[in-house]
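Asker: Mind having a look at this structure? Questions to follow.
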Amino acid sequence: MNTRRTLVAAAASSMASAALLAGSLATGTATASTVSTEAEASAQARPAFKVPFRCGQTWRADTRDGHSPSRYAIDFNRGGGNDDLGLPAVASAAGTVTKVRRLTTSYGHYVEISHGGGWSTLYAHLQEGSINVSEGQRVTATTQVGKVGSSGGDFTSHLHYEQKLNGAVQRAVMGGRAATYPATPGPSFTRPC
């Protein structure tokens with residue numbers, strides 16, 4: 001009988017908490033801590049993304065308003081013209097490859113990697129025939145995903161790069177340093193060794 005009273009009391013307490021939360025949501029008085037859970041908070045933690053190139057390399061991170069499909073995308077360049085054509089692009093954090101596409105327009109040849117917690121990265125305009133990862137493959141932060149190219153109809157080689165949270169492109173942060181928006185030419189980023 002005592003166990004039954006304990007269960008009934010616990011159920012009543014849970015129902016009261018749910019009613020209080022529902023009332024807070026209805027009146028607009030709910031706080032972030034009221035509706036946030038520990039799982040949601042950890043799902044939002046940004047991975048420690050690195051510059052998507054080999055250690056010791058310095059790349060210019062160009063950004064611009066009206067950059068399609070997102071103003072928070074980065075076009076990485078090493079110089080002018082096609083100076084960076086064929087240079088390796090690597091994963092900026094460990095994860096699992098979720099997309100490998102070979103298109104003739106838009107992103108061209110590209111790879112998308114899931115890093116957990118809703119975070120993913122995209123590497124586009126890769127050189128034709130250079131993608132060396134496959135969907136479902138686990139990668140490290142140093143796995144080469146392809147080579148810099150100009151696929152998708154671009155005239156000069158560069159790496160189009162995005163960091164996404166739940167599918168929405170975010171302002172990129174690499175090595176704890178945020179990219180500048182808009183900035184063409186953009187600041188330089190170096191991947192440490």
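The values are calculated or read from the model by the stated rules, or taken from the named source; none is laboratory data. Just so we're clear, the structure is a prediction, and the values are computed from it rather than from any experiment. In this analysis, Cβ positions are derived from the backbone assuming ideal geometry, glycine residues included, and neighbour counts consider all displayed protein chains. In case anyone asks, the SASA skips ligands and DNA or RNA and just uses the protein heavy atoms, side chains included. Shrake-Rupley method; radii C 1.70, N 1.55, O 1.52, S 1.80 Å.
Asker: Among the residues of the stretch 168-181 satisfying the criterion of being open to solvent by less than 60 Å² (accessible area, probe 1.4 Å) and touching a strand residue (DSSP E or B) at 6+ places or on another chain (Cβ under 8 Å), which is nearest to Tyr107 (Cα to Cα)?
Answerer: Val169
Asker: When you go through Gly66, Gly86, Gly80 one by one, which is the residue that is open to solvent by less than 50 Å² (accessible area, probe 1.4 Å) and on the phi > 0 side of the Ramachandran plot? So that I can check it myself, show each step before the final result.
Answerer: Working: Gly66 fails: open to solvent by less than 50 Å² (accessible area, probe 1.4 Å); Gly80 fails: on the phi > 0 side of the Ramachandran plot.
Checking each option against the conditions leaves just Gly86.
Asker: Let me ask you something else. Taking the stretch 113-153 only, how many residues are surrounded by 16 or more Cβ atoms within 10 Å (Cβ to Cβ), farther than 18 Å from Arg46 by Cβ and among the hydroxyl-bearing types (Ser, Thr, Tyr)?
Answerer: Qualifying residue count, the stretch 113-153: 4.
Asker: Return the residues of the stretch 147-187 that are more than 12 Å from the chain's Cα centre (by Cα), closer than 21 Å to Pro69 by Cα and either without any contact (Cβ under 8 Å) to a residue 60 or more places away in the chain or in a strand (DSSP E or B) (or both); say none if nothing qualifies.
Answerer: Result: Val148, Gly149, Ser151, Gly152, Gly153, Asp154, Phe155, His158, Leu159, His160, Ala178, Ala183.
Asker: For Leu103, indicate whether it is open to solvent by 20 Å² or more (accessible area, probe 1.4 Å), of a type in the set (A, V, I, L, M), within 20 Å of Gly129 (Cα to Cα) and modelled with pLDDT of 95 or more.
Answerer: Values: open to solvent by 20 Å² or more (accessible area, probe 1.4 Å): yes; of a type in the set (A, V, I, L, M): yes; within 20 Å of Gly129 (Cα to Cα): yes; modelled with pLDDT of 95 or more: no.
Here the answer is no, as Leu103 does not meet what is asked.
Asker: With respect to Asp75, is the statement that it is open to solvent by 50 Å² or more (accessible area, probe 1.4 Å) and either in contact with a helix residue (DSSP H, G or I) (Cβ under 9 Å, 6 or more places away or on another chain) or within 18 Å of Ala168 (Cα to Cα) (or both) true? Full working, then the answer.
Answerer: Working: open to solvent by 50 Å² or more (accessible area, probe 1.4 Å): no; either in contact with a helix residue (DSSP H, G or I) (Cβ under 9 Å, 6 or more places away or on another chain) or within 18 Å of Ala168 (Cα to Cα) (or both): yes.
Criteria not met by Asp75.
Asker: Here's a follow-up. Pull up the stretch 182-193, narrow it to residues that are among the hydrophobic types (A, V, I, L, M, F, W, C) and modelled with pLDDT under 95, then point me to the one that is surrounded by the fewest Cβ atoms within 10 Å (Cβ to Cβ).
Answerer: Let us first name the residues in the stretch 182-193 that are among the hydrophobic types (A, V, I, L, M, F, W, C), namely 183, 189, 193.
Going one step further and asking which of them are modelled with pLDDT under 95, we end up with 183, 193.
Details: Ala183: 14, Cys193: 7.
Going through the qualifying residues, I end up with Cys193.
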